[in-house]
Amino acid sequence: MAAVLEFIAVILSIIISVAGLSALALAATVIEKQNEEEEINLSGVEIVNLTPHEVNLYLGNGEVISYPPANKEAPARAAMNTKIIGYLNINNQSIPITRNTYGELENVPPPSPNKLFIVSALAAQAAPWRKDLIIPSDPVRNEKNQIVGCKSFSII
């Protein structure tokens, strides 16, 4: 099994070097192929929050790390196209029913070595090949059941 993983890593490194992607993308790709329970240390990686909200990461020791938004005015988004497909009549008012489709990723810099970007799940789904896009996972809720942070990050 280790030989197969090494072979995959070599092939991926060739593809990534030709495509000009970061070493972090290679690491994330190899991580997916390894045992899910194996801990991977990505120390020294900068995490940039591209959502419009502060993201609080709750560590196992009780510490909370806050990632403020890098740009509240232009957060990462998936382009949205809306088409009206019908109408509802509610209290003599015509209410449109729409179908939304999502396209390209917007307001996200290109991959950068040693950087991970926090984005929404919808934004990450617009670019599933980008292994440097992480989404908050394992939510932490307050007494009002509102999400106040996360315990982990996920890659789409």
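Any read-out appearing in this document is the output of simple, stated calculations on the displayed coordinates, not a laboratory observation. Just so you know, these numbers come straight off a predicted model, no measurement behind them. Please note: Cβ atoms are built from the backbone with ideal geometry, for glycine as well, and neighbour counts cover all protein chains shown.
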*Between residue 153 and residues 5 or more places away or on another chain, which pairs have amide H atoms under 5 Å apart, with H built 1.01 Å from N, and which residues are they?*
137
_Most positive-pole-ward Cα, 150, 59, 100, against dipole of segment 38-156 from beta carbon charges_ = 100
*If you place +1 on the Cβ of every Lys and Arg and -1 on the Cβ of every Asp and Glu, how big does the dipole about the Cα centre of segment 95-156 come out, in debye to the nearest 20?*
100 debye
*asked:* I'd like the Karplus ³J(HN,Hα) series for segment 131-136: coefficients 6.51, -1.76, 1.60, θ = phi - 60°, whole numbers in Hz, and an x wherever there's a Gly or Pro.
replied: 7, 9, 9, 10, 10, x
_Around residue 109, under 13 Å between beta carbons, what's the net of Lys plus Arg minus Asp minus Glu among the other residues?_
-1
*Proximal charge balance of residue 79 [Cβ under 11 Å; K/R count +1, D/E count -1]*: -1
*asked:* Within segment 97-138, list the residues whose amide N lies under 15 Å from a label point set 7 Å along Cα→Cβ of residue 85.
replied: 97-102
*When we measure straight from the Cα of residue 115, which lysines land under 26 angstrom away, once same-chain ones fewer than 8 places off are left out?*
33, 72, 131, 151
*Amide hydrogen neighbours beyond the local backbone of residue 47, cut-off 5 Å, H modeled*: 116
*Pick out, in residue order, every one of the trypsin sites (Lys or Arg not before Pro) in segment 117-156 that is DSSP loop and has at most 14 other C-beta atoms within 10 Å; say none if there are none.*
144
*asked:* Quick check for me: using +1 on Lys/Arg Cβ and -1 on Asp/Glu Cβ, what's the dipole size of segment 44-156 about its Cα centre, in debye to the nearest 20?
replied: 320 debye
